[in-house]
Amino acid sequence: MKIGVFICHCGTNISATVDVEKVAQVTSKLAKVHFSTTYLYMCSNPGQELIKKAIKEKGLDRIVVCSCSPSLHEKTFRKCAEEAGINPYLVEIANIREHCSWVHRDKKEATLKAIDIVRLAVAKVSRDKPLVKTYVPIEKRVLIIGGGISGIQSAIDIAFAKYPVTIVERESSIGGRMARFDKTFPTLDCAACILTPKMVTVSQSQYVTIYTCSEIEEVSGHVGDFKVKIRKRARSVDINKCTGCGACYAKCPVKVSAKFDMNLGLRKAIYVPFPQAVPNVPVIDRQNCLWFSAKNASGGTKKACGLCKKICNFGAIDYDMQDEIIEEKFGAIIVATGFTQFDHSVYGEYGYGKYKDVVTGLHFERMASSSGPTGGKIIRPSDGKEARDVVFIQCVGSRDEQKGVPYCSRICCMYTAKHALLLKEHNKDAQAYVFYIDIRAAGKNYEEFVKKVQDEYGAIYLRGRVSRIFEKGGKIIVRGADTLSGAQIEIKADLVVLATGLIARPETVKLAQMLHIPYDQNRLFTEAHPKLAPVETVTSGIFLTGACQSPKDIPDSVATASAASVKALGLLLQDKLEKEPLIAKVDRNLCSGCRACVVACPFNAIDMKEIEDRALKCKRDVAEVVEGVCTGCGNCTVVCRMSAIDIEGFSNRQIMEEIEAL
Amino acid sequence: MINPRTQELKNSRAESWEPKIAAFLCNWCSYAGADLAGTSRREYPPNIRIIRLPCSGRVNPLFVLKCLMDGADGVLIAGCHTGDCHYSEGNYYARRRFAILKKLFEFLGIDPRRFQMAWVSASEGDKWVKVVKELVEEIKKAGPILAKS
Amino acid sequence: MKYAYFPGCSLHSTAREYDRSAKEVALALGIELAEIPDWICCGATPAHITMQLLSIALPVKNLLLAKKMEACEVVTCCAACFNRLKTANKFMKQRGEEQLKIEKILGEPYRGEVEVRHFLDVLVNVFGSKNLETRVIKRLKGLKVASYYGCLLNRLKDVTGLDDEEEPRMIDDLMEVLGAEAVKWPYKTECCGASFSLTKTDVVLKLSGDILQMAYDEGAQAIVVACPMCQSNLDIRQAMVNKKYKKNFNMPIIYFTQLVALALGVEMKKLGFEKHMVDPRPLLKEKEIIFSKA
Amino acid sequence: MIEELRNKARELLKTKQVEAVIGYQRASDGLSAIPCVIRSEEEAGRLIWDAACVYNLCGYLKDFRAKKLGIVAKACDVRAMIVLISENQLNRDDVFIIGMECCGVVDEKRARVSGRDGSDISSADKCKSCASCVPLAYDCLIKEKREKAKVSEDADKDKYEPVRKLEAKSLSEKSKSWKDEFKRCIRCYACRQVCPMCYCPRCVADQFMPVWFSKAGGIEGNFSWNVARAMHLAGRCIDCGECERACPVGIPLRDINRKIEKDIKELFGYEAGMKTDAKPFLACFDKNDPEDFIK
């Protein structure tokens, strides 16, 4: 074994505090070290040439480069060694910059430590084994979880590149939150007018498959080869036969409050959530449908309704439809699950969600919408009278470490300003009062918009919190402080609109666990790097877009959607995926088949396999690593009491050798 | 029957003893955190020797045992905060394992200061420095491992 | 049921009727209240704005006295005492230099081992509303009251742990157990002006006046309280409120203990109604809860 | 009771439900019980059952892989079997458990010193703190006719009292006393050989790539071996006490095992050998596991 040690000065970054010549001199005497030298910039072309030359001339077979952190140049030097004919996995980096020269002042101490660091690396490299890179094929299809504006935009981008893409949407139509909005800030385009064309585009694209009423049931596999189980809930209407004529819901005798309209209006038991729904196919709400309730009633004596089935000329109604599990493979996954609203019922000062005339921004959106339940009238839900004095309260749930979430929800300042404007447009006698902590209008034309609402639409902005809301004499009394004037304010309002914050959906944790992607303390999915990899996750092949990563407005959601699509497409364009061979390996002779590794593997990358044991003359189970799935975390090696399973590149022998060299 | 290397250490330590500490760092959070301490030029005592591993879940209790028996005065395991593990769960396993090992060590008379664990994220260069400084201080107080054993 | 009883200064002076009625209730229900010997100031409202150390050391001294009685629970009626004792207890359960300092001052270790309860809590949660209901002799039928909790009884929630901060129900529920009607009103935890009573009386008149007005508007005939300071502001200052704001309030401010005692059949004259500025007796007579010279 | 046991064995062998029954027979000293393998009905008369049946026989099951066996088992032995089943080392369908209601076995070491007459030898320490005389699982149960001696009324109050006492000692005391104990270890590995849970094809102590700890008998190697053994039993040891019984130099190995058992129970609420579908303690986690020891 001939180990070569190459010590980098890194200009003066290393050599100023570490006596590199001394390091070279001392380490050259270490057992198995055949050659040791220094150079000003080892990562530069001449530096790499120096290494290659030394390999050839001195017959080196293993390399230690003493330089910066392996995160920066490990790949560089592996490639360099490979070019000189050495297996790239016989290279180790001794980090004598970030972990030594940059954190110590005393040259003597730093030099001694550097020598120790090199000694560790030499010990490790002496136990390195040549490894062969593996390649895995890529399933050239993308899964998008969530059919809101983010998911739709991602699908459009991927379909444009002519790759197949599947949207899985929980509701009966795609469109998500945006479909419920009236107008969008700051330009006041109507949400439907800009969303509908995109919905139509995806629905008509030959590359896009849309599964509505569907959820992800199970995810396994890895980048290039995700196996996904999707549950398609029974819609009770055959999507292929239905023409969307609407006869069924015209005839349906059942009326229940519409979730889509924030329960402000009614819908039928068979319904499409909104007129522009895609697919424009109704769904039966089995809980409320008379046919199903009669069927479920004991004895079945009740006469079943069945009107919709009778009226349908196309035979599309199918009461016997069952949930269906479909299993498909994808090369990449884009998570676009969006957000939900903060539940303000934790706030006693706002009446614990008990007052009918204290509503959220989304209620206001539905009321403002001309196709909404009130036909565009801003009313008091308690008595249906038109609201005149409306108080808006910002930061409900946001920026509240005690009862809500610590972060700013980013969009509430803007949508509240929009609401104040819409209020005035819908009723010119109305007056908006806005309680705020700070106005955060950092976006193109955002600040101008807020200013316009204040100046031209006469919204009164009050900087302060509301301490109490209560009902008295048919009005909602809002008491709060105006901290700028120092006065206590009491407003007799008709309606109070709470700008409830954006929070993660409750199911995110379950989804994160299925996908093996991290989430933060607020249950928002965590990006791989907050600045340099904002739409990637640490799990390769899984990308994030929209508000499931952090609160976002429509422009930002669309931008991250396109960004995620580019990342996914970049992957699909590869012929095959290179995979580091630093994965687990089983020594069958040592394995007892106790299954501890199978249980402990976070990725289900270990299976049991029955083998014929000649010595014991019987069949027995042993562990077997699924190479494509193993990520090389090494957890299995520790639960294995007999050390029958080990990790290439961080093997027990390598680490024990390092410890001995301490 | 002491390993010759530990004997040598024992002798060299008679005069001016400086603790030697082994640290197992996970590649994704703590190693990067220590890198950040470097890029931010934060100074800390030079007593620590870092062994890079993919995950804190890769640390075998036998590694820790080997360190202490081979003459390291202290051992540190650093990993991602819970929930941040690159492999989603590795640090949870490590936490459970070493909760038991730490208690066992104390039961068998090993100073608990000698074996510590910390969560250091990639953005916590400062925390890394703090952890190392405190650890070195505490192990200095605990004294050389061989003198005690 | 035996408790170390911490009356506090109010219950030995301005709120004697609260003290007396609480003891009557305890007697009637077989709850033993043993007064802590040599109890001192609880720190009340002023101490913690002057000096944190003092505001903890004073109540802890009292808790140490209780500990010597081998009582594991202290009960108090005053909302301010309750709040201070609870706060100090929570503080002493943590460990740090401040705690050591206090132990040094008091010369004894203390780690928050004595539990602190409000008498309301003892009645409703320990004795139990259901049990209480079976003991009611005289139902307070026809009496419409507004339950007023004030600021100290339920705040902060993680300190007192008693009831909801914004919409407490304990007194309301208790009143309904007694047969009275608790009106719905939004001012249960509004500020009465508290210790500004002497220094900035104007503030108290405005705030207490608002409370009286709201109770009146919502149809209450009396306000039920669990804090001597609330009682004194609303009761003693009522005449001044009437004068300043040209009102005609005649709203009795009654301690919950007085009503519980009446319902349990305790004689009216033991309950100190004569000490109120707004005499509750005419109202109670009108509702046939008490009878004149029966 | 013994007749009932013998008849059961005969029946099992006769009906070919099992190929053999592992049980106890009388040793040549006329008092102790030693393991025996009964392969025919005629041999069944050798089977005995009394307080001298100390050994945990589960270890022998490994030697009969994939054969149908009957085994005479006490409550503690069955817990060992449960661990083995959960670790895929034993197929539940392959064993017929003849569960024995047990009133505690003798303390073999003490008996050896004081001589034995079978009746008045105090029971083993592990039995003093054991409240379960009926095994958690069995295919047939043979009931004890004797009244179970008032076993554990106060022992059960705090079964970890001895561990707590050791914990309370100062670090230097602990260090010294354990060093004295481990110094005596002769690395005979009897503790491992007798342990029903030690079934690794090649124990880490015998591996040499890498050498996990010194194989020589110095204090470092001895300390390492004992810690490694204990850690490998963490969450698996069911306190059958066989290791301590087998140790020729008398190292109190149960103290170490029980220390870990106690921590695992107190910190994680986990007990080994209760359910056959339990996940191995160290191969699972809970997001709320304690982490106050982590900076």
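Remark: the protein assembly as shown carries a charge dipole of roughly 220 debye about the Cα centre, counting +1 on each Lys and Arg Cβ and -1 on each Asp and Glu Cβ. The calculated FRET efficiency for A:Val256 paired with D:Lys179, based on their beta-carbon distance and R0 = 51 Å, is about 0.10.
Taking the longest Cα principal axis of chain D as reference, the axis of helix D:75-86 is set at about 70 degrees. Largest mean-square fluctuation among D:Cys185, D:Cys76, D:Cys237, in a Gaussian network model of chain D whose springs join Cα atoms under 10 Å apart, belongs to D:Cys185. Taking Cα centre as origin and charging only the Cβ of basic (Lys, Arg, +1) and acidic (Asp, Glu, -1) residues, the dipole magnitude of region A:420-514 rounds to 280 debye. Add +1 for every Lys or Arg and -1 for every Asp or Glu among the other residues with Cβ under 11 Å from the Cβ of D:Cys198, and state the total. Net local charge, D:Cys198 excluded: +4. What whole-number distance in Å separates the alpha-carbon centres of region C:12-51 and region A:322-375? That distance is 51 Å.
Over all residues in B:79-88, what is the mean tally of Cβ atoms on other chains that come within 10 Å of each residue's Cβ? Working shown, then result.
Details: counts 1, 1, 3, 6, 7, 5, 6, 7, 12, 12.
Counting other chains' Cβ atoms within 10 Å and averaging over B:79-88 gives 6.
For A:Cys66, the residues whose modelled amide H falls within less than 5 Å of its own, excluding neighbours fewer than 5 places apart on the same chain, are A:Phe6, A:Ile7, A:Cys8, A:Ala94. Lysine pairs in region A:405-487 whose alpha-carbon atoms fall under 27 angstrom of each other, counting only those eight or more residues apart or on distinct chains, come to 15. Computed over the alpha-carbon atoms, region A:340-503 gives an Rg to Rh ratio of 0.93, Rh here being the Kirkwood radius from the mean inverse distance. Under the criterion of Cα pairs below 8 Å and six or more residues apart, the relative contact order for region A:340-503 equals 30 percent. When Rg and the Kirkwood Rh are both derived from Cα coordinates, the Rg/Rh ratio for chain A amounts to 1.08.
Amide H contacts of B:Lys20: B:Asp73, B:Gly74, each under 5 Å away and 5 or more positions distant or on a separate chain (H built 1.01 Å from N in the peptide plane; Pro and chain starts excluded).
Size of the protein assembly as shown from its Cα atoms: along the principal axes, largest to smallest, the extents are 102, 84, 82 Å. Per-residue shielding of B:29-42, expressed as the average number of other chain Cβ atoms within 10 Å of the residue Cβ, stands at 4. Going 7 Å from the Cα of D:Cys140 toward and past its Cβ, which residues in region D:74-106 have a backbone nitrogen under 18 Å from where you end up? Taking a point 7 Å out along Cα→Cβ of D:Cys140, the residues of region D:74-106 whose backbone N falls under 18 Å are D:74-75, D:93-102.
Charge tally around A:Thr537: other residues with Cβ under 14 Å, Lys/Arg +1 each, Asp/Glu -1 each, net -3. Proximity of backbone amide H atoms, modeled 1.01 Å from N, is registered between A:Lys241 and no other residue at under 5 Å, excluding neighbours fewer than 5 places apart on the same chain. The ranking of D:Cys127, C:Cys9, A:Cys636 from fewest to most other beta carbons within 10 Å of each one's beta carbon is C:Cys9, D:Cys127, A:Cys636. Which trypsin sites (Lys or Arg not before Pro) in region A:242-274 pass both tests, a DSSP loop state and at most 13 other beta-carbon atoms within 10 Å? Hits after loop and neighbour filter: A:Lys259. As a quick test, which of the pairs A:Lys259/A:Lys354; C:Lys61/C:Lys104; D:Lys74/D:Lys143; A:Lys29/B:Lys140 have an alpha carbon distance above 22 angstrom in this structure? Among A:Lys259/A:Lys354; C:Lys61/C:Lys104; D:Lys74/D:Lys143; A:Lys29/B:Lys140, the Cα-Cα distance tops 22 Å for A:Lys29/B:Lys140.
Once both axes come from the Cα atoms, what is the angle between helix C:16-29 and the longest principal axis of chain C, in degrees from 0 to 90, rounded to 10? In chain C, helix C:16-29 runs at an angle near 90 degrees to the longest axis.
With the simple model of a label 7 Å out from the Cα in the direction of the Cβ, D:Asp292 to A:Asp575 spans 6.0 nm. Taking only the alpha carbons of region D:161-283, we obtain Rg and Dmax values of 14.8, 42 Å in that order.
Placing a label point 7 Å from the Cα of A:Lys295 along the Cα-to-Cβ direction, the residues of region A:205-234 with a backbone N closer than 18 Å are A:232-234. So, R0 is 35 Å and r is the distance between the beta-carbons of C:Glu267 and C:Ala239; what FRET efficiency does that work out to, to 0.05? E between C:Glu267 and C:Ala239, to the nearest 0.05, is 0.80.
In loop segments of region A:385-456 as defined by DSSP, the GluC sites (Glu not before Pro) with at most 12 further C-beta atoms inside 10 Å of their C-beta are A:Glu401, A:Glu456.
Using θ = phi - 60° in the Karplus curve 6.51 cos²θ - 1.76 cosθ + 1.60, the 3J(HN,Hα) couplings for region C:235-251 round to 8, 5, 7, 5, 5, 5, 4, 4, 5, 5, 9, 6, 10, 10, 5, 9, 9 Hz; x is entered for Gly and Pro. Shown in residue order for region C:182-189 are the 3J(HN,Hα) couplings computed by the Karplus curve 6.51 cos²θ - 1.76 cosθ + 1.60 at θ = phi - 60°: 8, 6, 7, 8, x, 9, 4, 10 Hz (x for Gly and Pro). Each residue of region A:53-61 was assigned a 3J(HN,Hα) from its phi angle through the Karplus curve 6.51 cos²θ - 1.76 cosθ + 1.60 (θ = phi - 60°); the sequence is 5, 4, 4, 6, 6, 9, x, 6, 10 Hz, with glycine and proline shown as x.
Please give the FRET efficiency for D:Lys265 paired with A:Gln322, using the beta carbon to beta carbon distance and R0 = 51 Å, rounded to the nearest 0.05. For R0 = 51 Å, the calculated efficiency reads 0.65. With a simple spin-label model that places each label point 7 Å from the Cα along the Cα-to-Cβ direction, the separation between C:Glu133 and A:Asn522 comes to 4.5 nm.
Taking Cα atoms, how many degrees apart are the long axis of helix A:70-83 and the longest axis of chain A, rounded to 10 and kept between 0 and 90? Once rounded, one gets 50 degrees. Cross-link pairs exceeding 22 Å between alpha carbons, from the set A:Lys107/B:Lys20; D:Lys215/D:Lys259; B:Lys102/D:Lys265; A:Lys531/D:Lys287; A:Lys75/A:Lys227; B:Lys141/D:Lys183: D:Lys215/D:Lys259; A:Lys531/D:Lys287; A:Lys75/A:Lys227; B:Lys141/D:Lys183.
When you filter the trypsin sites (Lys or Arg not before Pro) in region A:389-461 for DSSP loop state and at most 14 other Cβ atoms inside 10 Å of their Cβ, you are left with A:Lys403, A:Lys428, A:Lys444.
Only the coordinates and a few stated rules stand behind these numbers; no lab work does. As the structure is a prediction and not an experimental result, all values here were calculated from the model. Positions of Cβ are generated from backbone atoms using ideal geometry, with glycine treated the same way; all protein chains shown enter the neighbour counts.
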